[in-house]
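The values are calculated or read from the model by the stated rules, or taken from the named source; none is laboratory data. On a predicted model such as this, the values are computed, not experimentally measured, just so you know. Here the Cβ positions follow ideal geometry from the backbone for every residue, glycine too, while neighbour counts run over all protein chains shown. Accessible surface is based on the protein model in full, side chains and every heavy atom, while ligands, DNA and RNA are left aside. Shrake-Rupley method; radii C 1.70, N 1.55, O 1.52, S 1.80 Å.
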Amino acid sequence: MLIVKTVDEIRKFTKKEHQAGRKVGFVPTMGALHLGHLDLIRLAAEKSDKVVVSIFVNPTQFAPGEDFEAYPRKLEDDLEKCREAGAAAVFCPERGEVYGGENYIRMHLSTLGNHLCGASRPGHFDGVIQIVNKLFNMVKPDVAVFGQKDIQQFRILEQMAFEFNHDVEIVMGNTVRAADGLALSSRNVYLDRKERIAAPHLFATLQKAGREITQWMEASDVQAKFKKLAAESGKELEKAGFRPDYFELVGYENLQPPEQLKSGTTYVIAAAAYLGKARLIDNVLIKL
Ligand code: PAF
């Protein structure tokens, strides 16, 4: 497995693969890899001939006071996991390689960032589109895989690839869960034993809400109904020890709260909630 730190080296890698007629798959990560990431690598390998994994904790997607400094960094361990998962190359640049020189340009997200994590973490997705835009231009992949757990990120990056004409297929990987339903996340290391036991409540509450909304097809007061459901869900989460951040229903395409639920349309119920030091996010996708 090739391990490279510079844009020149990763470009050479992709160029050689493309010249040989091979497709390059890409899994961008911030490291601290878990089984969820390994599943994305497996999916990328299914869709391409050689997989590149990037490992870079991107400072521009963390707001001041968030966990940029504390974010788990385990490069040696991550490299071993990438090797075992069959990655062909790992791109792990230093900050200066990515953001060296003057940076005068900022990208700002429009309405896809108004709700969910975009509302609770202002500027977060501006940082995500900045780095993924850069990584796409550095790695030049044919296929890129992102997980469903970060559903708003997925939808935004899908749209970014379209609007910025990146010649890359964006593929969604399933959320990988522990046996009790907790979505795997690098931030789960922040949970203590008691919090870890309570953590699966987040997904259970989302699933319950998902079952409920499938009965609202003809309803004209979806917003009012969901407000009530979100308040009840919030109370259940509080009882389990969470400090809820948001619990929202949005259409998948525009990530806006729907007036009515239409058949043939995909919706997302997504939630974020703090449990001790950890901010957990999860979602259910509902195709009506
Ligand atoms: O999902 C992540 O780990 C990050 O947001 C990403 C896509 C690697 C960009 O830094």
Please work out if Leu33 is within 12 Å of the ligand (Cβ to nearest atom), touching a Lys or Arg at 6+ places or on another chain (Cβ under 6 Å) and open to solvent by less than 70 Å² (accessible area, probe 1.4 Å).
yes
Sole exception among (1) within 16 Å of the ligand (Cβ to nearest atom); (2) crowded, with 21+ Cβ neighbours inside 10 Å; (3) among the basic types (Lys, Arg) for Lys74, by number
(2)
Check off (1) more than 25 Å from Pro72 (Cβ to Cβ); (2) more than 13 Å from the ligand (Cβ to nearest atom) for Leu182 and give me the number that stays unchecked.
(1)
Considering every residue within the range 38-57, establish whether at least one is closer than 25 Å to Gly100 by Cβ and part of a loop (DSSP other than H, G, I, E, B).
yes
Please report, ordered by residue number, the helices (runs of 4 or more DSSP H) entirely within the range 180-288 with at least 3 residues that are within 18 Å of Ala119 (Cα to Cα).
222-239
In the range 54-88, what residues are of a type in the set (D, E, K, R) and in contact (Cβ under 8 Å) with a residue 60 or more places away in the chain?
Asp67, Arg83
Please go through (1) more than 13 Å from the ligand (Cβ to nearest atom); (2) of a type in the set (Phe, Trp, Tyr); (3) within 27 Å of Val7 (Cβ to Cβ) for Phe136 and return the number of the only condition it doesn't satisfy.
(1)
For Gln260, all conditions in the list (1) open to solvent by 70 Å² or more (accessible area, probe 1.4 Å); (2) closer than 20 Å to Ser120 by Cα; (3) of a type outside the set (A, V, I, L, M) hold save one; what is the number of the exception?
(2)
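Results for (1) over 22 Å from Phe26 (Cα atoms); (2) within 12 Å of the ligand (Cβ to nearest atom); (3) at pLDDT 95 or above, shown as yes or no for each residue.
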{"position": "Gly96", "(1), (2), (3)": "no, no, yes"}
{"position": "Ile105", "(1), (2), (3)": "yes, no, no"}
{"position": "Val128", "(1), (2), (3)": "no, yes, yes"}
{"position": "Pro141", "(1), (2), (3)": "no, no, yes"}
{"position": "Gln152", "(1), (2), (3)": "no, yes, yes"}
{"position": "Ile156", "(1), (2), (3)": "no, yes, yes"}
{"position": "Ile170", "(1), (2), (3)": "no, yes, yes"}
{"position": "Thr175", "(1), (2), (3)": "no, no, yes"}
Residues to consider are Phe68, Phe26; find the one that is assigned to a loop (DSSP other than H, G, I, E, B), aromatic (Phe, Trp, Tyr), within 16 Å of the ligand (Cβ to nearest atom) and out of contact with any His (no Cβ under 9 Å at 6 or more places or on another chain).
Phe68
